[in-house]
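The values are calculated or read from the model by the stated rules, or taken from the named source; none is laboratory data. As the structure is a computational prediction, the values presented were derived from the model and not from experiment. Every residue, glycine among them, receives a Cβ derived from its backbone with ideal geometry; neighbour counts consider all protein chains shown. Note: areas computed on protein heavy atoms with side chains; ligands, DNA, RNA excluded. Shrake-Rupley method; radii C 1.70, N 1.55, O 1.52, S 1.80 Å.
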Amino acid sequence: MFTKEININVKDTTLEGNLTIPANPKGLVIFSHGSGSSRFSPRNNFVANILQTKEIATLLFDLLTEREDSIYQNRFDINKLTKRLIETTQWAYHQNGILKLPIGYFGASTGAASALRAAAFFGNSISAVVSRGGRPDLALDQLNEVKAPTLLIVGGLDTEVIWLNQKAYEQLECQKKMEIVPGASHLFEEPGKLESVADLAAEWFDKWFKKTKEDVSR
């Protein structure tokens, strides 16, 4: 396994990221973090570390530059964040070592909306999407275009977000599942709850990455 800091050249700037590739990766998960967060998000890095132990490559990157992030409105500009995620995915498709891997998205909080919109853009090219405490309702107008199997994970104590996820779940027409983690709040800070998120995500990605590879080999 190796980890390296990378620069991702998109149309209007350069974004920084951390790419980790196990020896025999099953696929690549690109993380789309929530507002005010970054590639250093402790929760996303925790999940990424679990995925890496399951032989899944991970890419955590900053959707905004430091200067852009200082402008509060940018953090909630879902169109801009989606565009950055799409461009980063296109960058990944051309990198040695990952260019043939199935790709999935892990979106947290508002990052789930950009993950689902990007998945709608790429159609069947994205193998799976996982949302953690996400706001998929912010992508309602495009949810019916998502082809990638989608897992929505919500904390059992996060009542408002449960309702928003149920609303989004009804709009999804792809393979889908919703998991409510009992006793967990929005950030899954309670003991063992983030581990549950990571395990659910790893199982979901593993299942659909295998399915992608089976379909390609036929």
- On average, how much accessible surface per residue is there in the stretch 74-160, in Å², for a 1.4 Å probe, leaving out ligands, DNA and RNA? 35 Å²
- Note on the structure: Highest GNM mean-square fluctuation among 154, 129, 181, for the chain with Cα springs under 10 Å, belongs to 181
- Item | Estimated D of the stretch 74-135 in µm² per second, where Rh is the Kirkwood radius over Cα pairs and Stokes-Einstein applies at 10 °C, 1.306 mPa s | 135 µm²/s
- So the compactness index of the chain, its C-alpha Rg divided by 2.2 N^0.38 Å, takes the value 0.93
- Task: Can you check what the net charge comes to around residue 170, using other residues whose Cβ is under 12 Å from the Cβ of residue 170 (Lys, Arg +1; Asp, Glu -1)?
- Result: 0
- Task: List the extent of the Cα atoms of the stretch 30-132 along each of their three principal axes, largest first, rounded to whole Å.
- Result: 36, 28, 23
- Roughly to the nearest percent, how much of the accessible area of the chain is carbon and sulfur, given a 1.4 Å probe? 48 percent
- Task: Please give the net charge around residue 184, taking every other residue with its beta carbon less than 9 angstrom from that of residue 184, where Lys and Arg add +1 and Asp and Glu add -1.
- Result: -2
- Task: Using a 10 angstrom cutoff on alpha carbons, build the Gaussian network for the chain and name the most mobile of 128, 168, 113.
- Result: 168
- Query: Taking the Cβ of residue 66 as the center, what net charge do the other residues with Cβ under 12 Å away carry, scoring Lys and Arg +1 and Asp and Glu -1?
  - Reply: -2
- Task: Please report the relative contact order for the chain, taking Cα pairs under 8 Å with a sequence separation of at least 6, and give it as a percent rounded to a whole number.
- Result: 18 percent
- Query: Of all the Cα-Cα pairs you can form in the stretch 1-61, what percent are over 12 Å apart?
  - Reply: 66 percent
- Query: the stretch 105-218: D in µm²/s via Stokes-Einstein (Kirkwood Rh, Cα pairs, 4 °C, 1.567 mPa s)?
  - Reply: 93 µm²/s
- Stretched out fully, how many nm does the piece from residue 6 to residue 94 gain, at 0.36 nm a residue minus the Cα gap? 30.3 nm
- Note on the structure: Between residue 211 and residue 189, the FRET efficiency computed from the C-beta separation at R0 = 41 Å comes out, to the nearest 0.05, as 0.80
